[in-house]
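The values are calculated or read from the model by the stated rules, or taken from the named source; none is laboratory data. Since we're looking at a predicted model, the values are computed, not measured. Heads up, the Cβs are rebuilt from the backbone with ideal geometry, glycines too, and the neighbour counts pull from every protein chain shown. The area values use the complete protein model at the heavy-atom level, side chains included, leaving out ligands, DNA and RNA. Shrake-Rupley method; radii C 1.70, N 1.55, O 1.52, S 1.80 Å.
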Amino acid sequence: MPEPATGARSGARPGARTHRLRVVEVIAETADAHSLVLQAPSESADRFAYRPGQFLTLKLPGADGGPVARCYSLASSPDTGEPLKITVKRVAGGYGSNWVCDHLAAGDELEVLPPAGTFTPASLDGDLLLVAGGSGITPVLSIAKSVLAGGRGRVVLLYANRDESSVVFRDELRTLAEDHPHRLLVVHWLESLQGLPTVDRLAAALAPYTGREAFVCGPEPLMDAVEQALRSLGAPGDRIHRERFFSLGADVFDTPAVPLGAAAGDGGTAEVELDGVTHTVAWPSATPLLDVLLAAGVDAPFSCREGACSACTCRVVAGEVKMLRNDVLDDQDITEGYVLACQALPLTDRVEITYS
């Protein structure tokens with residue numbers, strides 16, 4: 001699911017990195033999936049501009065009284081004029097999804113980090129192959145609607161579910177296909193009728209579309225099978241994009257503790273270009289770059305702060321860094337200089353970073 005955070009600024013409470021969004025409507029999509037239509041206050045509206053496929057991070061009350069963070073993809077499209085909408089599907093034993101579905105109603109307010117995530121096409125004019133499983137349809141639907149409304153591309157969507165009653169956005173998908181018969185093809189895969197989507201069977205179904213850039217979201221076994229199927233058909237790895245679901249283990253909303261007055265020789269300096277502005281900050285050797293930036297009041301993007309979501313991805317222009325953890329960047333990303341700010345530590349006295 002993919003969350004820039006902000007320091008005190010218009011629309012945020014002093015010292016807070018979240019914004020309050022109002023729940024305008026709760027929609028029961030299926031028996032176990034609810035959509036929340038959200039409205040940002042006018043002074044925060046610019047912070048909630050987003051790209052198709054991105055997600056929001058919600059601050060929810062935890063069972064122990066402290067906050068917990070959960071990330072949910074936007075099912076709405078920035079190209080249709082519709083309001084912000086996230087969709088939450090109950091997960092057995094899942095605290096966040098069940099709390100949202102059981103407790104939130106129209107009129108409630110949520111603390112939310114601004115949109116983030118890299119599961120988004122660079123252009124809406126190219127032909128795309130979209131594959132979703134279960135609630136993985138959420139960011140995929142956002143991408144499909146954006147291509148149809150704001151681009152010239154054609155879309156093939158393969159959507160896998162247990163059975164017909166599990167299909168989220170069934171009516172919306174039908175309407176989209178009827179309204180765009182020459183640009184959108186929706187293929188439903190129901191395990192109750194067709195069995196599990198194995199690598200061989202997926203390869204046969206996806207073979208006509210391997211020349212397209214692919215975006216895949218759903219349970220890990222499905223994404224693994226789709227990627228294997230596409231690779232077996234000759235699709236290059238850099239044309240296959242996966243969105244991962246994850247639960248956050250720490251409080252991502254707290255203010256990072258950064259040692260002040262670090263001793264000489266302990267770390268160095270970071271020059272960070274973000275949104276056309278260059279920030280120069282001291283970078284202690286044992287402190288992740290993201291924590292240094294947030295402590296300095298720099299409006300750096302992030303979500304999980306655990307190396308799992310890619311929302312804080314930036315690129316090293318000069319100097320060297322190491323990462324404590326990396327669950328999302330591949331070898332090509334790293335070769336090109338991309339790092340996760342939440343996991344990056346300096347190896348040289350001076351490091352230049354860009355978020356562009």
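Check the range 279-291 and report whether any residue there is open to solvent by 70 Å² or more (accessible area, probe 1.4 Å) and touching a Ser or Thr at 6+ places or on another chain (Cβ under 7 Å). Talk me through it step by step, then tell me what you get.
Within the range 279-291, the first condition is being open to solvent by 70 Å² or more (accessible area, probe 1.4 Å), and the residues that meet it are 280, 282, 286.
Narrowing the set further to residues that are touching a Ser or Thr at 6+ places or on another chain (Cβ under 7 Å) leaves 280, 282.
Yes, there is a match, as at least one residue in the range 279-291 is open to solvent by 70 Å² or more (accessible area, probe 1.4 Å) and touching a Ser or Thr at 6+ places or on another chain (Cβ under 7 Å).
Just give me the residues in the range 69-93 being touching a helix residue (DSSP H, G or I) at 6+ places or on another chain (Cβ under 7 Å) and either of a type in the set (D, E, K, R) or within 14 Å of L148 (Cα to Cα) (or both), in sequence order.
The answer is R70, S76, S77, P78, D79, T80, K89, R90.
Looking at (1) open to solvent by 10 Å² or more (accessible area, probe 1.4 Å); (2) at pLDDT 95 or above; (3) at positive phi, find the lone condition where G93 falls short.
(2)
Conditions (1) over 21 Å from L185 (Cα atoms); (2) open to solvent by 40 Å² or more (accessible area, probe 1.4 Å); (3) in contact with a strand residue (DSSP E or B) (Cβ under 9 Å, 6 or more places away or on another chain); (4) not in a strand (DSSP E or B), marked per residue:
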{"position": "G53", "(1), (2), (3), (4)": "no, no, yes, yes"}
{"position": "A69", "(1), (2), (3), (4)": "yes, no, yes, no"}
{"position": "D79", "(1), (2), (3), (4)": "no, yes, no, yes"}
{"position": "V88", "(1), (2), (3), (4)": "yes, no, yes, no"}
{"position": "P114", "(1), (2), (3), (4)": "yes, no, yes, no"}
{"position": "P121", "(1), (2), (3), (4)": "no, no, yes, yes"}
{"position": "D125", "(1), (2), (3), (4)": "no, yes, no, yes"}
{"position": "K145", "(1), (2), (3), (4)": "no, no, no, yes"}
{"position": "R152", "(1), (2), (3), (4)": "no, yes, no, yes"}
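Give the range 309-324 a look and list any residue that's surrounded by fewer than 22 Cβ atoms within 10 Å (Cβ to Cβ) and over 18 Å from E273 (Cβ atoms), or say none.
K322, M323, L324
Only one of P78, P83, P139 is in contact with an Asp or Glu (Cβ under 8 Å, 6 or more places away or on another chain) and under 26 Å from D299 (Cβ atoms). Can you tell me which?
Every option except P139 fails the conditions.
Would you check which residues across the range 1-45 are outside any strand (DSSP E or B), open to solvent by less than 70 Å² (accessible area, probe 1.4 Å) and either at pLDDT 95 or above or charged (D, E, K, R) (or both) and list them?
Correct list: E3, R17, D32.
Among the residues of the range 78-106, which ones are farther than 20 Å from G134 by Cβ and of a type outside the set (V, I, T)?
Initially, the range 78-106 is screened for residues farther than 20 Å from G134 by Cβ, giving 78-84, 103-106.
Once the filter is applied, which keeps residues that are farther than 20 Å from G134 by Cβ and of a type outside the set (V, I, T), the range 78-106 yields P78, D79, G81, E82, P83, L84, H103, L104, A105, A106.
Could you please find all residues in the range 154-177 being in contact with a Leu (Cβ under 9 Å, 6 or more places away or on another chain) and either assigned to a loop (DSSP other than H, G, I, E, B) or among the charged types (D, E, K, R) (or both)?
The answer is R154, R162, D163, E164, V167, V168, F169, E172.
Starting from the range 221-239, keep only residues that are within 19 Å of G126 (Cβ to Cβ), then list their pairs with residues that are open to solvent by 60 Å² or more (accessible area, probe 1.4 Å) and part of a helix (DSSP H, G or I) whose Cβ atoms are within a distance under 9 Å, requiring at least 6 positions of separation or different chains.
Hits for this filter: L230/R239; G237/R231; G237/Q332; D238/Q332.
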